[in-house]
Amino acid sequence: MAARERYARVLRAPHARALLLAEIPARLPIGINGLALVLFMREHAGSYGAAGAVAAAFGAALGLSSPVIGRLIDRRGLRRVVVPLALLHAAAMGGLVACGVSGAPVWACALLAIAAGAFIPPLGSISRSLWPRILHGEADDLLGTALALEGVMIELVFTVGPLLVAVIAAAADPAVALVLSPVLLLLGLGLFLLQPPVRTWVISEHAGSHGLLGALRSPGIRTLVLCTLPMGFCFGAMEVTLPAFSEDHGSRNLAGVLVAVWSVGSAVGGLWYGSRAWGDAPGRRYARLAALLPIGYLPLAAAPSILVMAPLALLAGVCIAPTLTAGNQIAGDVAPEGAETEAYTWPVTSLVLGLAIGNWAAGAIVDAADWRAAFLVSAGGAGLSAVLALARHHTLDRRAVMVAPTA
């Protein structure tokens, strides 16, 4: 089947286009928050170490809270959980901006960043759990394409978000971007909740039947958690190191452009991945894609200029969306019944925790050494992810769903 026809069939599914459009403003804050927090704290606290620490606090809280929120959604229902969370998130973001602008201590900003990160609804995981229902009988054939389309949309978010932050930081203050972020989330969430697949969400009769471990009963979910942590470390280190590289080359505000170029590379890879009907075993495919990741990051430490860094960042991004999309497809395959939303959150949690650790580590390394060392450490994270994926790919199929006992 031609690539264009596969995407067309996904978009022709009932409510698919409206759901994707509603997600754009709701998920744009994901592309805004990381760089905006780094630039905001760098300006108001004066160091990349402080900026990385606050960004890490935000990311760690987001990651740790996501499985808890996912389990609550599976067991209590969607609307009852996400609406109050979004309002609490907006309040915490407002407090964070007020603290930073007023010169409050870094620890106070970090506490508010923790609150803001903990209350973000996991819309990506919610949306991914909806696609099998939206596609109905075509799910086995088209789910990978639908998830790739979701991945491309995320890369669009990670392209537009940093560019928006760069424009705002150059014209005004990064604080404006941090205020805009929760406004977009509330707007997008309102549109998302109006969509028929969301309104007809029902709690599974199997929800709550998997004990304390929940979705982690699946060995495949545990493997995805292990693999995405160092992968996230790589990406988090990049979010801090690219601004440091840009500043060292005389233009801190071009950091947003470099992050956007990196995301464009990922989007191109995602479109390629979704255009194909894959016939190999999902675990082996995931392992091969993960093995390609570190190859793109090693050359970044040798970039002599922003003009050279831009194409290198583009190439470094190419394998991101395919790898994450393959992982998301596997998460749906190996998820215990009634724990689908939670299952999709665990790899995201691991990824976001890795991002947070990478933010912190890269900030410390840039302050103590330089951006070159931080890029090399970033590549090391991708390398560790590849080793883990190759060693545990046998757990990433449906036969491995229920091996662990109920806790």
Legend entry - Near pairs, Cβ below 9 angstrom, 6+ apart or cross-chain, from segment 28-55 (without any contact (Cβ under 8 Å) to a residue 12 or more places away in the chain) to any residue that is surrounded by 24 or more Cβ atoms within 10 Å (Cβ to Cβ): none
Legend entry - Tally, over segment 268-282, of residues that are surrounded by fewer than 23 Cβ atoms within 10 Å (Cβ to Cβ), of a type outside the set (V, I, T) and not in a loop (DSSP other than H, G, I, E, B): 3
Legend entry - Positions within segment 362-372 being surrounded by fewer than 21 Cβ atoms within 10 Å (Cβ to Cβ) and touching a residue at least 60 places away in the same chain (Cβ under 8 Å), in sequence order: A364, D367, D370, R372
Inset, instruction - Among the residues of segment 244-263, write down those that are surrounded by fewer than 19 Cβ atoms within 10 Å (Cβ to Cβ), in contact (Cβ under 8 Å) with a residue 40 or more places away in the chain and either closer than 18 Å to M153 by Cβ or among the charged types (D, E, K, R) (or both). - result: D248
Inset, instruction - Go over the candidates I69, I120, I73 one by one and state the one that is part of a loop (DSSP other than H, G, I, E, B), under 23 Å from W201 (Cα atoms) and under 22 Å from the mean Cα position of the chain (by Cα). - result: I120
Legend entry - Which numbered condition N253 misses (of (1) touching a Ser or Thr at 6+ places or on another chain (Cβ under 7 Å); (2) more than 21 Å from G354 (Cα to Cα)): (1)
Legend entry - Qualifying position, being small (G, A, S) and closer than 19 Å to A26 by Cβ, among S102, S66: S66
Inset, instruction - Evaluate segment 77-84: report whether one residue or more is surrounded by fewer than 17 Cβ atoms within 10 Å (Cβ to Cβ), under 20 Å from the mean Cα position of the chain (by Cα) and closer than 24 Å to A343 by Cα. - result: no
Inset, instruction - Please give the number of the condition P304 fails out of (1) in contact with a Ser or Thr (Cβ under 7 Å, 6 or more places away or on another chain); (2) outside any helix (DSSP H, G or I). - result: (1)
Inset, instruction - Inspect segment 273-291 for any residue being over 19 Å from G144 (Cα atoms) and not charged (D, E, K, R) and give the result as yes or no. - result: yes
Legend entry - Criterion violated by P336 - all others in (1) buried (at least 19 other Cβ atoms within 10 Å of the Cβ); (2) assigned to a helix (DSSP H, G or I); (3) out of contact with any Cys (no Cβ under 7 Å at 6 or more places or on another chain) satisfied: (2)
Inset, instruction - Determine if segment 98-107 includes at least one residue that is part of a helix (DSSP H, G or I) and within 23 Å of A16 (Cα to Cα). - result: no
Inset, instruction - Starting from segment 333-354, keep only residues that are farther than 14 Å from I73 by Cβ, then list their pairs with residues that are acidic (D, E) whose Cβ atoms are within a distance under 8 Å, requiring at least 6 positions of separation or different chains. - result: D333/D397; V334/D397
Legend entry - Meets criteria (modelled with pLDDT under 90 and buried (at least 24 other Cβ atoms within 10 Å of the Cβ)) for L324: no
Inset, instruction - List the number of the failed condition for M231; all other conditions in (1) surrounded by fewer than 20 Cβ atoms within 10 Å (Cβ to Cβ); (2) modelled with pLDDT of 80 or more hold. - result: (1)
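Would you mind finding the one in L135, L180, L163, L156 that is within 27 Å of D74 (Cβ to Cβ) and part of a helix (DSSP H, G or I)?
Just a single option satisfies the conditions, and that option is L135.
The values are calculated or read from the model by the stated rules, or taken from the named source; none is laboratory data. These figures come from a predicted structure and were not determined experimentally. Note that we place each Cβ from the backbone using ideal geometry, even for glycine, and neighbour counts take in every protein chain shown.
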